[in-house]
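One structure is given here, and the rest of the page talks about it.
Since every read-out is calculated from the coordinates, none of them should be taken as a lab result. Remember, predicted model here, so these are calculated numbers, not experimental data. Cβ sites come from the backbone with ideal geometry, for glycine too, and all protein chains shown count toward neighbours.
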Amino acid sequence: MSNQVATIGEKLVIEPHVVQNIISELAGRGYRVIGPTLRDGAIIYDEVKGLENFPVGWTDRQDAGRYRLEKRADAALFGYAVGPHSWKRFFHPPTERLWQARREGSAFTIVEAEAPHRPLALIGVRACELRAIAIHDSVFLAGAYVDKPYELRRDRAFIVAVNCRQASGTCFCVSMDAGPKVETDFDLALTELIDEYRHAFVIEIGSAAGLDLIKNLLWRPATVEEVAAAERVVARTRTQMGRTLDTNGLKELLQANPEHPRWDEVAERCLSCGNCTNVCPTCFCTTVEDTTDLSGTVAERVRRWDSCFTLDFSFIHGGSVRNSARSRYRQWMTHKLAHWIDQFGSSGCVGCGRCITWCPVGIDITEEAAAIRATAEPNEGDADARS
Amino acid sequence: MFTGQVGDAASSVPQPFEVTRVRIEAAGVATLEMTTFSPFVFAPGQFNMLYAFGLGEVAISISGDPAQKERVVHTVRSAGAVSGALARLRRGAVIGVRGPYGSHWPVKDAEGSDVVIVAGGLGIAPVRPAMYYLIAHRERYGRIVLLYGARSPGDILYRRELETWRRRLDLDIAVTVDHAAADWRGNVGVVPALIPQIAFDPQHAIALVCGPEIMMRFTISALRDRGLTTHQIFVSMERNMKCAVGLCGHCQFGPAFVCRDGPVFRFDRIAPLFGVREI
Amino acid sequence: MQGLERIVLGHPFFAGLGPEFSAAISGCARNLRFAAGEYLFREDEPANEFYLIRHGTVALELHSPGRPPIVITTLPEGEILDAACLVPPYRWTFDARAVELVRALGVNARCLRDKCEADHDLGYELMKRFVGAMGERLRATRLQVLDVYGTGR
């Protein structure tokens, strides 16, 4: 126990075992603690009891259509970039029951589903992921219709962020101004310092809740050298980006070029498998399923993740508006990088690189954007001009 | 038994409503009427999500009179599992209703102008509330013209109403069919072909257009030939809808969510998208 | 003659036509009137006269054994009948029936064709207008054939 008093915004230092204490403390307060863990050859997010569930000493190697885990030489807790999971599966779950309806004669009554119970504690949220969560906040909370279950899960969540020690081959958060440094919207933020001399964490207190959690654990104030070391870690990550995306005028470029030949070209490669939408931390499209039980007296409505790459996503009047893979890829990329800005005030992309890594044929959104930019026609015409 | 509470537009849970009247308009097309006890307020052009127990929901334009707040009226055409079930309902059936959603026809902004309404097929259902409103406030508008194209004489909806309106001296109503029957004495041909003949002042007019997209494209071309600009033309778009509140992503049309930024759009705002295939 | 010339220039089909041409055309023209139900012409008859509808509606029909005539389309005032007058074999390809009282300008087709051969500028003015009108007609017909109001596809 420390005798000193910490304040919000202050940087402290903790030993690695205190990360375990943070997890235990959160669990003790009733949180469902989610953190990185290793399964099926990938680092994914799942419930963790402690550091024994962490992928300690593992790292990842990522490139277009490629993800491999490798052992590290050290025992870093957070020595990897992001895996196929994002935090959206916890705030915006893959399936969610919305309501149940019970028939009584010709009439029926509807009962809304119960709100989720245990609050979430997320351990290891990267800057790009914080941005993705903020983007989902603008989708689900800031519009005319608020998604109530999402609001409840977000309200009570506790976030332990992590500054990235290394970028992956597909990272480009710098281009999207979404990292690698964790800036805001966290309760605690960790930067791992690990070399042959030490293994410690600089921890920044981001909120009153974060302060309340850490205050009784074992910490000491960070020294000037430790703060500088933490900053060097992030600065080094910043130089390691595997990809870049030129966002200058990108919205106008994509919105003005729906018939660019590059769409035909990428359509020849795209399988419309939907992996990209699955792993993307900001994709939010859902569909609903209405079912009844065998007796036909109880009906249910379930919401589940959907993808604009499915053929029936745009189904209307006996056919799909976006019938070709070309039109569906164009929709996804134009929405993500252009329309999103009109809709929500920011780009939908955070530069995490997941879509590049997890595309089975290695389609690279940064490469596609660059190709369109290189050969686009200048913008023509206006709405009142006759064609 | 039913409070007839209007669906809370902020909630995504349907409210049960009893169907108090069913009128068969044409083969496969029925108008459902539901009575409410608390006022149901909507603007012409808006839609509700209608839920058939255990089957699912569809987005259906509200086709009743906005001044009659005790009724919720929808004209449904059988085109799939849910709409098919709705179009076959009998009086006394209970369905779920939530809404109203979406943008509306600019009937208030059009005061002082001529109003030209061009509807094709089932597209007459979303414009009927606008007609009711314009007629109820007749003195506020210039000429009111309704052009309506149907597939055949047997597919003409709201026939009695159209005949009543035609008998008035202050409304211009013209109906045409794509395919005539032997005893049809009226116009035969596409509805845009009626546009060169109608009398209105393109300097002080707005047009409301609703129907299949191809028909709307041709209609807009004919209206622009008459001197209307894209700022004066309003269309009602349709896309696949699941949530109706701009959160499921299905109804996107370019950057617009048809359920929230539409279904009524001022044409200049979507003109670049209109000509793009598979958008 | 002067009255007819005014009528020629007043019809939408001839909008923008110069006075030298309108005089030539009105020289071949006459005023016509058809009662409701009367046929302007029948399929396969020689296309001797070019009609400009000034008032009323004309139904284009095709006859078929065992059933009443099928109305393909109805043409209101402002419309014309038909390019068949200008190109061989100069025969009508459908029946044209006055749906209600129809007032039309009739232009003798042979007179018009001879004048066009003699004066190609006149011919060109006419052809431009014909091609435009037929193009519009074709466009509308395509939309009509699509059966856009049918359920599904």
Rg from C-alpha atoms of chain C, normalised by the globular rule of thumb 2.2 N^0.38 Å, equals 1.09
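For chain C, what's the relative contact order in percent, using C-alpha pairs closer than 8 Å and at least 6 residues apart?
Worked out over chain C, it gives 28 percent.
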Sorted by number, the cysteines in chain C with no other cysteine beta-carbon under 4.7 Å are C:CYS85, C:CYS116
With the dipole of region C:2-145 defined by +1 on each Lys or Arg Cβ and -1 on each Asp or Glu Cβ, the option from C:LEU86, C:GLY135, C:GLY106 whose Cα lies farthest towards the positive pole is C:GLY135
With +1 at each Lys and Arg Cβ and -1 at each Asp and Glu Cβ, the charge dipole magnitude of region A:254-387 around its Cα centre, to the nearest 20 debye, comes out at 240 debye
For A:THR109, the net charge from surrounding residues (Cβ-Cβ under 12 Å; K, R +1; D, E -1) works out to 0
If the label point sits 7 Å along Cα→Cβ of A:VAL361, residues of region A:60-80 with amide N under 20 Å come out as A:63-67
Taking placed amide H atoms and a strict 5 Å upper bound, the residues 5 or more places from B:VAL188 or on another chain that come that close are B:VAL177, C:THR74
Calc'd 3J(HN,Hα), region B:238-243, phi into Karplus 6.51 cos²θ - 1.76 cosθ + 1.60 (θ = phi - 60°), Hz, glycine/Pro = x, comes to 9, 8, 4, 10, 10, 9
About its Cα centre, chain A carries a charge dipole, from +1 on Lys and Arg Cβ atoms and -1 on Asp and Glu Cβ atoms, whose size in debye to the nearest 20 is 560 debye
For region B:114-236, averaging the sequence separation of alpha carbon pairs under 8 Å that lie six or more residues apart and dividing by its residue count, the contact order in percent is 31 percent
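Note down the net charge around A:ARG322, summing +1 for each Lys or Arg and -1 for each Asp or Glu among other residues with Cβ under 11 Å from its Cβ. Display every interim value, and only then the final one.
On the way: positive: A:ARG326, A:ARG328, A:ARG330, B:ARG239, B:ARG277; negative: A:ASP312, B:GLU278.
Once all neighbours under 11 Å are counted, the net charge is +3.
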Helix-only [θ] at 222 nm, the protein assembly as shown, -39500 (n - 2.57) per DSSP H run of 4+, per residue, nearest 500, equals -7500 deg cm²/dmol
The helix C:109-118 Cα axis meets the longest alpha-carbon principal axis of chain C at an angle in degrees, between 0 and 90 and rounded to 10, of 50 degrees
In debye to the nearest 20, the charge dipole size for region B:114-236, taken about the Cα centre with +1 at each Lys and Arg Cβ and -1 at each Asp and Glu Cβ, equals 160 debye
Semi-axes in Å, largest first, for chain A (Cα gyration tensor, √(5λ)) are 37, 30, 19
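Give me the net charge of B:LEU247's neighbourhood, meaning all other residues with Cβ under 11 Å from the Cβ of B:LEU247; Lys, Arg count +1, Asp, Glu -1.
Summing Lys and Arg as +1 and Asp and Glu as -1 gives +2.
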Restricting to Cα pairs under 8 Å and 6 or more apart, the percent relative contact order of chain A works out to 22 percent
Against the 2.2 N^0.38 Å rule of thumb, the C-alpha Rg of chain B sits at a ratio of 0.97
Counting sequence-distant residues (5 or more places) and residues on other chains, those with an amide H built under 5 Å from that of A:GLN166 are none
Out of C:GLY27, C:ILE72, B:TRP165 - ranked by how far each Cα lies towards the positive end of the dipole of the protein assembly as shown, with unit charges on the beta-carbon of charged residues - the top one is B:TRP165
Taking the dipole of the protein assembly as shown about the Cα centre (Lys, Arg +1; Asp, Glu -1; charges at Cβ), the one of A:CYS128, A:VAL82, B:GLY96 that reaches farthest to the positive side is B:GLY96
B:THR229 and B:ARG185 label points (each 7 Å along its Cα→Cβ direction) are spaced in nm at 4.4 nm
Quick note, region B:15-101: a/c under 1.5 would make it rounded; otherwise a/b > b/c is prolate and the rest oblate (a ≥ b ≥ c, C-alpha gyration tensor); here it is rounded
Set A:LYS88/A:LYS336; A:LYS11/A:LYS49; A:LYS71/A:LYS181, cut-off 22 Å on Cα-Cα distance; pairs above it are A:LYS11/A:LYS49; A:LYS71/A:LYS181
For region B:114-236, shape from the Cα gyration tensor axes a ≥ b ≥ c, cut at a/c of 1.5 then a/b versus b/c, turns out oblate
By the Cα gyration tensor axes a ≥ b ≥ c (a/c under 1.5 gives rounded; else a/b larger than b/c gives prolate, otherwise oblate), the shape of the protein assembly as shown is prolate
